[in-house]
Amino acid sequence: MRGVLRTAVPALTVVFALSACGGGTGTEDVLSAGGWPGRHSDARNSNTATAEGIDDLAPGWTRPLGAAVGSPAGIAANGQVSVTAATESGCNLFSFQMDSGRKRWCTRLAPAVTTITPVSDAVANIYVGEDGGLLSFNEHGQRRWRIPVSGSPRSAQFTSDGNLLVVTHFGQVNVVDPQTGQLEAPLFDLVPVPTLADGQNLPRPASDHGLPACFGGSEDCPVATTPAVDTATDRIFVTVWRPGTDRSALVALRYTAGEDAAVTEEWSATDLPGGAVTSPVLSADGSTVYIHDGEGALWALDAATGQARWSHEAGRAGAVAPAVTADGLLLVAAADGSIPLTALRDGGDAVDVVWERTDVSPFGAPAVTADGRAYVVVEGDDGLVAAVLDTADGRTIAEEALEPSTGLPVGSGIGPDGEFVITTVDGEVVVLRAPQSA
């Protein structure tokens, strides 16, 4: 299967190009069928991959970027790794080959790009935002298009018809043709834009205004998380901190395609304690959306109505969006390694603890493979350790010590052949893989 995937990507490129030149919309299904194409892997933000895992990790390669990294890498189906870094000069968007770690290309964009995970489609085109703009590059680093937006885009998603969904940190919702960059639906503003009733000649905020607040969430950064999309219904879930409120809400939108394409709001959950603070995550069937509140609890809400089904105390505030497997297992952790790794099972109106590893406190959400392997970074006896756990019972299958200079992880992902890809706050990309390919 892996060999088929690698050889299928060039063929897909030809099909994609022909569809774009044939007079159609050019929006065939561009959802990536492998790799880790977005910040949380897929449209439902599940932190799960289609690749099978590796039970014995070995060092692959490490590449320093020369500056801090604030977002996970995106990994295309062909293994191309795209990552951003807060460099003072030179490139701040990089692309590396998975097999060798060789830099394929790099470029410099406006500073806001360093808070964003580049998103890949099935033919390794990437989509990434900067201050006031959204751009696309092909796999060779050639710019395909750039369009202006209000604010700085968060990590993108795709709709069921293959269009690109981009929500900026100001709350502007854009639905874009990935081939042309043209809008496919009228703009939708989650935060009301000023009108004449608000006064004349109001100053327009700079496109990077409030970006530092996105790391904690506030009214200065209305949308601080990555939206989730149910591709069966085109229902969109996003957190929004609206003016005059004291917390962020979870909002459900609906995208309707066609000649009268539009984005509309369906419901808003405004009363979660401390607000909705993590990226929303969907169950595999799209019926439930999971989100953490500002006081540390994980909530399950009905995706159609926003009604709460249950909540579970995660231990403390600071949890990250859980990994949610296709069979309904939720793996809960914290960004700072402060809570034990816990596996939950959604029972509909209640939740059960399946297992808990009190001796394992991952830095960030696990990255989960198709065959039930959870990749995590934890504190070991002599520093950080990359570990593989069995999601069925939580037992440790393998461990590999990371280099002391690696630094704390800011995100992880899974390559098309099961590689464990880690980005660190100190500015390194670390890849571990099977020993025979190391």
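The values are calculated or read from the model by the stated rules, or taken from the named source; none is laboratory data. What you see is a predicted model, and the numbers here were worked out from it, not measured in a lab. Neighbour counts are summed over all protein chains in view; Cβ atoms, including those assigned to glycine, are modelled from backbone coordinates with ideal geometry. Only protein heavy atoms, including side chains, enter the accessible area calculation; ligands, DNA and RNA are left aside. Shrake-Rupley method; radii C 1.70, N 1.55, O 1.52, S 1.80 Å.
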Problem - Charge dipole of the chain about the Cα centre (unit charges at C-beta), most positive-ward option of 72, 164, 136 - result: 136
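In what sequence, highest mean first, do 428-434, 71-77 appear when ranked by Cβ atoms within 10 angstrom?
Values: 428-434: 22.1, 71-77: 27.7.
Ranked by mean Cβ neighbours within 10 Å, highest first: 71-77, 428-434.
Place the peptides 39-49, 379-389 in order of packing, highest mean first, counting for every residue the other Cβ atoms within 10 Å and averaging per peptide.
Working: 39-49: 25.8, 379-389: 17.5.
Ranked by mean Cβ neighbours within 10 Å, highest first: 39-49, 379-389.
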Exercise for the section: Measure off, as a whole percent, the carbon and sulfur share of the 1.4 Å-probe accessible area of the stretch 237-309, all protein chains present. Expected result: 45 percent
Practice task
Using Cα Rg over 2.2 N^0.38 Å as the read-out, say which of [x] 1.32; [y] 1.24; [z] 0.92 was calculated from these coordinates.
Solution key: [z]
Practice task
State the answer as a single residue: which of 87, 223, 397 lies farthest towards the positive end of the charge dipole of the chain, with beta carbon charges of +1 for Lys and Arg and -1 for Asp and Glu, about the Cα centre.
Solution key: 87
Completion exercise
Projecting the Cα atoms of 436, 173, 127 onto the charge dipole of the chain, where Lys and Arg contribute +1 and Asp and Glu -1 at Cβ, the residue farthest towards the positive end is 127
Handout entry: Per residue value of the accessible surface for the chain (all protein chains in place, 1.4 Å probe), Å²
Key = 39 Å²
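Would you mind calculating the relative contact order of the stretch 206-309 from Cα pairs under 8 angstrom and at least 6 residues apart, reporting the percent as a whole number? Could the numbers behind the result be given before it?
On the way: 222 pairs, mean separation 18.9, N = 104.
About 18 percent, as a whole number.
Which value at 222 nm does the chain reach when only helices count, each DSSP H run of 4 or more adding -39,500 (n - 2.57), with the total divided by all residues and rounded to the nearest 500 deg cm²/dmol? Walk me through the intermediate numbers first.
Details: 1 runs with 20 residues, N = 438.
So the calculated ellipticity at 222 nm is -1500 deg cm²/dmol.
Rounded to the nearest 0.05, what FRET efficiency do residue 259 and residue 89 have when you use their Cβ-Cβ distance and R0 = 41 Å? List each step's numbers first, then the result.
Working: r = 47 Å, r/R0 = 1.15.
Calculated value: 0.30.
Provide the packing ranking of 145-155, 124-134, i.e. peptides ordered by the mean count of other C-beta atoms within 10 Å per residue, highest first. List each step's numbers first, then the result.
Numbers: 145-155: 21.2, 124-134: 23.1.
Ranking, from highest mean packing down: 124-134, 145-155.
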Completion exercise
Answer in debye to the nearest 20: the dipole magnitude of the stretch 46-126 about its Cα centre, from +1 Lys/Arg and -1 Asp/Glu charges placed on Cβ, is 420 debye
Practice task
Let me have the relative contact order for the chain, percent, based on Cα pairs under 8 Å that are six or more residues apart.
Solution key: 17 percent
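Only four residue types carry charge here, +1 at the Cβ of Lys and Arg and -1 at the Cβ of Asp and Glu. Report the dipole size of the chain about the Cα centre in Debye, rounded to the nearest 20.
Details: 25 positive and 53 negative charges, 248 e Å.
Computed charge dipole of the chain: roughly 1200 debye.
Contour minus end-to-end for residue 219 and residue 352, with contour as 0.36 nm per residue of separation and end-to-end as the Cα-Cα distance?
44.4 nm
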Problem - For the stretch 120-152 and the stretch 229-307, distance of Cα centres in Å - result: 25 Å
Exercise for the section: Using the Cα centre as the reference, give the magnitude of the dipole from point charges on the C-beta atoms of the stretch 78-195 (Lys, Arg: +1; Asp, Glu: -1; all else neutral), rounded to the nearest 20 debye. Expected result: 400 debye
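Out of the total accessible area of the stretch 21-159 (probe 1.4 Å, heavy atoms of protein only), what percent is carbon and sulfur?
Details: 2090 of 4540 Å².
Here it works out to 46 percent.
Restricting attention to the stretch 240-280, which GluC sites (Glu not before Pro) occupy a DSSP loop and are surrounded by at most 11 other Cβ atoms within 10 Å? Could the numbers behind the result be given before it?
Numbers: sites: 259, 265, 266; in loops: 259.
Those that pass, being in a loop and sparsely packed, are 259.
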Handout entry: Approximate spin-label separation residue 246-residue 327, in nm, with each point projected 7 Å along Cα-to-Cβ
Key = 4.4 nm
